[in-house]
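See structure below.
The values are calculated or read from the model by the stated rules, or taken from the named source; none is laboratory data. Because the structure is predicted, anything quoted here is derived from the model rather than measured. No Cβ is skipped: glycine too gets one built from the backbone with ideal geometry, and neighbour counts run over all protein chains shown. Note: areas computed on protein heavy atoms with side chains; ligands, DNA, RNA excluded. Shrake-Rupley method; radii C 1.70, N 1.55, O 1.52, S 1.80 Å.
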Amino acid sequence: MNLLFVADALDHFKTYKDTTFAMMREARRRGHVLFACGPQDLHWRSGGTVQARLRQVTLTGRSGKDVHDWFEAGPELVRNLASFDAVVMRKDPPFDSEYFYATHLLERAEAEGARVFNSPRALRDHPEKLAILEFPQFTPPTLVTRAAADVREFHAEHRDIILKPLDGMGGMGIFRVKDDGLNLGSIIETLNRDGAQTIMVQRFLPAIEAGDKRVLVIGGEPVSHCLARIPQGGEVRGNLAAGGKGVAQPISARDEEIARTIGAVLAPRGLMLIGLDVIGDNLTEINVTSPTGFQEITNQTGVDVAALFVDALEAGGRPS
């Protein structure tokens, strides 16, 4: 198959841990032809189709912590997205206006025959913090609001809470307020900007000490092992970007229940790959833009997550 990856700049990849790199490496191992572009390279003109300025990518076989020459890029080409067997959208958050516009171009490409994973419409319809609202049976007590009074009432009820912005990533902007309510007012002001910005508040889950688990679901099926991201050094955040330690482990019966229930709902909507954040027995987020953790799980357990992804891509893509 000819595969187009819409991603961040390849020369910024950290190949020793990057999930998109793992996908590309496995796809190339199977003989698929790789191309890459960024969202800024997508364009459409009236009377035509959605196209991209892109380059064919050849893997050099080199990877590692300080390796940047892991690929060679061919000359710039311009091709219709519908000419590819699959288009893999792997642009990292933030989900800002430009990401939003890119999903519209990708959706137009779908109408022209392109096969895009994850589905652009599904990416827009499932913001990563708010997607959990559809599955309240799995979530901790949660509040979504712009009102400071609502947050204060929630704190008075639950006494120990987590506050976070809806557009954060990698643990950015997450605050914990304990029973004493110290700095609650200033944290609310910082996050909701005097009522101008909606935030999420959740009851603090002590199980975070055992890790914020990333449970991967591919084609509606849970991967057998997850990555528990364990906070370090007094941090409340387990995100790897915030210094958390990643420990792979088998998923629990509760993890599997959550994953199968959500996978059965979201996979038919075009979300072939999702990453659930689970603390203890509670679902806290549903990640759909560019879920990660493939290499950490594979390196620690031998479960080849990239192979599972490419299996699903081959099953959903158009044969050459």
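Details
- Dividing the C-alpha radius of gyration of the range 83-212 by 2.2 N^0.38 Å, with N its residue count, gives 1.28.
- In order through the range 45-60: 3J(HN,Hα) via Karplus (6.51 cos²θ - 1.76 cosθ + 1.60), integer Hz, x for Gly, Pro: 10, 4, x, x, 10, 6, 10, 9, 7, 8, 9, 6, 10, 10, 7, 8
- In this calculation the C-beta distance from Q40 to Q249 is compared with R0 = 35 Å, giving a FRET efficiency of 0.35.
- For the range 61-136, diffusion coefficient by Stokes-Einstein and Kirkwood Rh (Cα), 25 °C, 0.890 mPa s, µm²/s: 164 µm²/s
- Our summary gives the chain a relative contact order of 19 percent, counting only alpha carbon pairs under 8 angstrom and 6 or more residues apart.
- Equivalent ellipsoid semi-axes, the range 211-296, via Cα gyration tensor eigenvalues times 5, rooted, Å: 22, 13, 11
- Taking the 1.4 Å solvent-accessible surface of the range 178-320 as the whole, the part contributed by carbon and sulfur is 49%.
- In a fully extended conformation the segment linking D96 and K14 would gain 27.2 nm over its present Cα-Cα distance, using 0.36 nm per residue.
- Every helix of 4 or more DSSP H residues in the chain counts as -39500 (n - 2.57), and over all residues that averages to -8000 deg cm²/dmol at 222 nm.
- Spatial offset of the range 56-118 relative to the range 166-217 amounts to 32 Å, using the alpha carbon center of each.
- The ellipsoid equivalent to the alpha-carbon distribution of the range 1-80 has semi-axes of 25, 13, 10 angstrom, derived from the gyration tensor eigenvalues as √(5λ) and listed largest first.
- The range 1-137, accessible surface, carbon-and-sulfur percent (1.4 angstrom probe): 48 percent
- The residues of the chain expose on average 45 square angstrom of accessible surface per residue, using a 1.4 Å probe on protein heavy atoms.
- Computed E for D194/A156 - FRET, C-beta separation, R0 25 angstrom, nearest 0.05: 0.75
- The calculated pair-distance distribution of the range 266-320 uses every alpha carbon pair, bins of 10 angstrom beginning at 0, and gives 20, 44, 31, 4, 0 percent.
- Positive-end ranking of L106, P291, V151 along the dipole of the chain, with charges on Cβ about the Cα centre, is headed by L106.
- G246 long-range amide H proximity, modeled H, under 5 Å: I230
- Applying 1/(1 + (r/R0)^6) with r as the Cβ-Cβ distance of R29 and E112 and R0 = 25 angstrom yields a FRET efficiency of 0.25.
- When you filter the trypsin sites (Lys or Arg not before Pro) in the range 50-81 for DSSP loop state and at most 11 other Cβ atoms inside 10 Å of their Cβ, you are left with R62, K65.
- Take every DSSP beta bridge whose two residues both sit in the range 1-145; close to 50 percent of them are antiparallel.
- Option label - semi-axes √(5λ) of the Cα gyration tensor in Å computed here, alternatives (1) 49, 20, 17; (2) 29, 22, 20; (3) 35, 22, 18: (3)
- Note that the range 208-257 shows a convex hull volume over its alpha carbon atoms of 70 Å³ per residue.
- The alpha carbons of the range 40-89 give a radius of gyration and a Dmax of 14.2, 46 Å, in that order.
- A full extension of the chain between T60 and M172 corresponds to an added length of 36.9 nm, given 0.36 nm per residue minus the alpha carbon distance.
- Amide H contacts under 5 Å for H225, placed H, 5+ residues apart: I251
- Close amide H contacts of D92 (hydrogens built in the peptide plane, cut-off under 5 Å, sequence separation of 5 or more or a different chain): D8.
- A dipole drawn for the chain from +1 and -1 charges on Cβ atoms has a positive end, and of V6, Q249, P94 the residue lying farthest that way is V6.
- Space enclosed by the convex hull of the alpha-carbon atoms of the range 159-208, per residue, Å³: 72 Å³
- Radius of gyration, Dmax [the range 4-148; alpha carbons; angstrom]: 17.5, 55
- Hull volume in cubic angstrom per residue (convex hull over the Cα atoms of the range 129-197): 92 Å³
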